[in-house]
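Down below is the structure, laid out as structure tokens.
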Amino acid sequence: MRKRLHTAPVIRFAHRSATALAIALATTSFFGSAPEAHALKIFGLTLFEGDKDEVEVIDPVKYDVTFQAGDADSNLEERLENAASLIADKENPVSGDLGIVIKAREDRDRLVAVLFEEARYGGIVNITIAGQDIDRLPPNPSFDRSKPIPVTVSVEPGPVFTLGKITMLGDAAGRDPAEYDLTPDGKAGSRLIIKAGETIIRDLKNEGRPLAELTTREVVADHSTNKVDVTLDARGGPVAPFGSVAVKGARAVNPDFIRRYSRLDQGQQYSPDQMKKAADRLRELSVFSSLTIQEDKSLAPDGSIPLSIEVSEGKFRYFGFGAEYSSLDGGGLSGYWGHRNLFGQAESLRVEGEVSGLGSTEGTDVGDLNYRAGVYFKKPGMFLPQITFDASVEAKTENYDTYDAESVTALGQFTYELTDQDKFTGGGEIAYTQTHDVYGDNDYLTFSLPVSYERDARDNKLDPTEGYYGTLSAKPSYEALNGTVFSSFEGSISGYLGLGQEDRVVLAARLAAGTLIGGDGLASIPATRRFYAGGGGSVRGYSYREISPYNSDDEALGGRSYMLTSLEARIKITDSIGIVPFLDVGTVATEIVPDFSDIRMGAGIGLRYATPFGPLRIDFALPLDRYEGGSSYGIYAGIGQSF
């Protein structure tokens, strides 16, 4: 016997009801009990979600729930229990007798959705309250409240269905169902079928067809064979270019700037990917609290598809502070104030101050600390939407074991986005520096022309699981006080490989190298431009800039070249917590190419806690080839992966 798919309650899984079902499927995984937690806030950010303030329930009614999952296996039973809010909220009363009925009816839809996801199209869900089926209760039920009201949730999962005949019609005809994971005798879960229809529409839209739609999504279950026949009918509509772009909701941010910076140029062929990239690009300006880009439901008379960019502006002024800590180099505190929309086109101004070296292993007084203050300006979309202008003035006082320095640096540079992944940056820099190091007290006035190229092919900038990230940079310089010409060249590449289901293990590796040519000996080059290694962003386990060539008096010289490599295994223990064993290797030499005569290695393990703004990081590292009298271990804390 063949019949339209149904279960109790009757739900016809076809195109008209697919939207409601998709919503039910999307919400299913968000219901379920959560472990008890406590709130922890750092700098105003909630890191662990704590107990919420209790909400007063009007006319509270308590209930007891019994759950029966029939012959469901342990995984399915767990999914069903997690989907039932009657179970998750069993310690909390509902509001009134009708409240428990509403909760039960919502649960039935959720449980049916879970069965559909598991291809259990013949399953039955029954819920009774005080022994009465919820479909037979009166509109305003009344229960005996002298004790908790008994509720029974009973699920008979039924057999697992597989796919039978798969029919593609309309503009979906001719496409291979296997490309959409639809194969005879294959998996028949509702999520897979819904995803197949969505992917077909996505493919049609990627052909430049903005009006593509799924006209039929029909599933017919044959309960005699446990097969599911699927029919998908799609209408592509005409190929169309982008038309006019309307901007809605903008007040302080110039609408013409929003339109121009989106790069959704009129006449360009319609592309959902370009719309997504435009939305991401605009969000990165940090001036909008919400942003959506939508196409109209019909074409304009000229055959183009009009677009609308709807924005809600956020707060433009902000301030805050941060902290970091290393057991070797001490703690650091920073504060900042900024404006995100200075002149109405998302120009940003940021003023920062920082002090570091607090409580370092050497013991410090106020005069031994490191200080930094700076003013930073950014103008996106300068001249062209792809060009960003940056300017800054920064003053530093640095007191390290290797050298002391005071400097003032002014920088101006332009960044051009070659592609979505590639950027080229070039500009000019002037730096005045006073140093005290192994070569005595020296003053430098350096003019530089820094240029760099960046390629970012990571899947996620905050916590990548695949792809790679590479940089190349050159900084030709002229030191005016002594007439010295020198240049530094650096490059780095990091790669990421996710393993296992949901990338529970990510292997990460980084290789970096640099060389410094020119100058009349190291003394003619500012200490701040020579190379050192060691510290949280380099070879962990060693102090900041501890790795360096040394003279016979054990005084750090700094180097002309370096090479660093790091290996990490980022292992998720839970969705929020992970551990990271790592190995760092580095060498610094006085020659323009490292001779690898002095290789330093650090190894250790880190703890990660996932947050929306990147993982919180704590690393413990040991130097495997410790300097005499040098650091014996290091503990580092920060935000974000180490690379």
Within the bounds of segment 230-237, is there any residue that is surrounded by fewer than 20 Cβ atoms within 10 Å (Cβ to Cβ), in contact (Cβ under 8 Å) with a residue 60 or more places away in the chain, assigned to a helix (DSSP H, G or I) and in contact with a Ser or Thr (Cβ under 9 Å, 6 or more places away or on another chain)? no
Suppose we filter segment 257-276 for residues that are assigned to a helix (DSSP H, G or I) and either farther than 18 Å from Ala346 by Cα or polar (S, T, N, Q) (or both); how many remain? 6
Kindly establish whether Ser452 is modelled with pLDDT of 95 or more, crowded, with 17+ Cβ neighbours inside 10 Å and farther than 23 Å from Gly534 by Cβ. yes
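Would you mind finding the one in Arg260, Arg251, Arg283 that is in contact with a strand residue (DSSP E or B) (Cβ under 9 Å, 6 or more places away or on another chain) and in contact (Cβ under 8 Å) with a residue 40 or more places away in the chain?
Working: Arg260 fails: in contact with a strand residue (DSSP E or B) (Cβ under 9 Å, 6 or more places away or on another chain); Arg283 fails: in contact (Cβ under 8 Å) with a residue 40 or more places away in the chain.
Within the list Arg260, Arg251, Arg283, the selection yields Arg251.
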Just one of the numbered conditions (1) in a helix (DSSP H, G or I); (2) closer than 30 Å to Leu342 by Cα; (3) touching a residue at least 60 places away in the same chain (Cβ under 8 Å) is not true of Ile194; which one? (2)
State yes or no: is Leu462 closer than 30 Å to Thr611 by Cβ, of a type in the set (A, V, I, L, M, F, W, C) and touching a residue at least 12 places away in the same chain (Cβ under 8 Å)? yes
Among the residues of segment 120-145, the number that are under 41 Å from the mean Cα position of the chain (by Cα) and of a type in the set (Lys, Arg) is 1
Among the polar types (S, T, N, Q) and modelled with pLDDT under 95, is that true of Ser492? no
Can you tell me which residues in segment 268-310 are within 27 Å of the chain's Cα centre (by Cα), surrounded by 15 or more Cβ atoms within 10 Å (Cβ to Cβ) and among the acidic types (Asp, Glu)? Glu295, Glu310
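Is it the case that some residue within segment 349-357 is under 30 Å from Asp553 (Cα atoms), surrounded by 16 or more Cβ atoms within 10 Å (Cβ to Cβ), modelled with pLDDT under 95 and outside the structural domain of Gly634 (by TED's automatic domain parsing)?
yes
Which one of these is at pLDDT below 95, within 30 Å of Leu499 (Cβ to Cβ) and not in a strand (DSSP E or B): Ser631, Ser642? Don't jump to the end; show me each part of the working.
On the way: Ser631 fails: within 30 Å of Leu499 (Cβ to Cβ).
Going through Ser631, Ser642 in turn, the sole match is Ser642.
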Which numbered condition Glu394 fails, given (1) within 26 Å of Glu324 (Cα to Cα); (2) touching an Asp or Glu at 6+ places or on another chain (Cβ under 9 Å); (3) touching a residue at least 24 places away in the same chain (Cβ under 8 Å): (3)
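Examine segment 176-187 for a residue that is touching a Pro at 6+ places or on another chain (Cβ under 6 Å) and of a type in the set (D, E, K, R), and state whether such a residue exists. Walk me through it before giving the result.
Looking only at segment 176-187, we keep the residues that are touching a Pro at 6+ places or on another chain (Cβ under 6 Å), and these are none.
Checked against the condition, which is being touching a Pro at 6+ places or on another chain (Cβ under 6 Å) and of a type in the set (D, E, K, R), segment 176-187 yields no hits at all.
Among the candidates Ser289, Ser326, Ser308, which residue alone is hydroxyl-bearing (Ser, Thr, Tyr) and within 30 Å of Leu204 (Cα to Cα)?
On the way: Ser289 fails: within 30 Å of Leu204 (Cα to Cα); Ser326 fails: within 30 Å of Leu204 (Cα to Cα).
The conditions single out Ser308.
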May I ask you to verify whether Ala221 is of a type in the set (A, V, I, L, M, F, W, C), touching an Asp or Glu at 6+ places or on another chain (Cβ under 6 Å) and over 30 Å from Gln421 (Cα atoms)? no
Give the number of residues within segment 455-481 that are at pLDDT below 95 and loosely packed, with under 15 Cβ neighbours inside 10 Å. 4
Answer yes or no as to whether Leu115 is on the phi < 0 side of the Ramachandran plot, modelled with pLDDT of 95 or more and in a strand (DSSP E or B). no
With the requirement that a residue be at pLDDT 90 or above and over 28 Å from the mean Cα position of the chain (by Cα), what does segment 603-628 give you? Leu622, Pro623, Leu624, Asp625, Arg626, Tyr627
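Being on the phi < 0 side of the Ramachandran plot, in contact (Cβ under 8 Å) with a residue 40 or more places away in the chain, crowded, with 19+ Cβ neighbours inside 10 Å and in a strand (DSSP E or B): is that true of Leu163 here? Walk me through how you get there before you give the answer.
Values: on the phi < 0 side of the Ramachandran plot: yes; in contact (Cβ under 8 Å) with a residue 40 or more places away in the chain: yes; crowded, with 19+ Cβ neighbours inside 10 Å: yes; in a strand (DSSP E or B): yes.
Answer is yes for this residue.
Keeping to segment 482-503, report how many residues are over 19 Å from Tyr439 (Cα atoms) and either aliphatic (A, V, I, L, M) or surrounded by 16 or more Cβ atoms within 10 Å (Cβ to Cβ) (or both).
Here is the first cut: in segment 482-503, the ones over 19 Å from Tyr439 (Cα atoms) are 487-503.
After this cut, where a residue has to be either aliphatic (A, V, I, L, M) or surrounded by 16 or more Cβ atoms within 10 Å (Cβ to Cβ) (or both) as well, the list is 487-499, 503.
Of the residues in that region, 14 qualify.
The values are calculated or read from the model by the stated rules, or taken from the named source; none is laboratory data. Nothing here was measured: the structure is a model prediction, and the numbers come from that model. Virtual Cβ from ideal backbone geometry, glycine too; neighbours counted across all protein chains shown.
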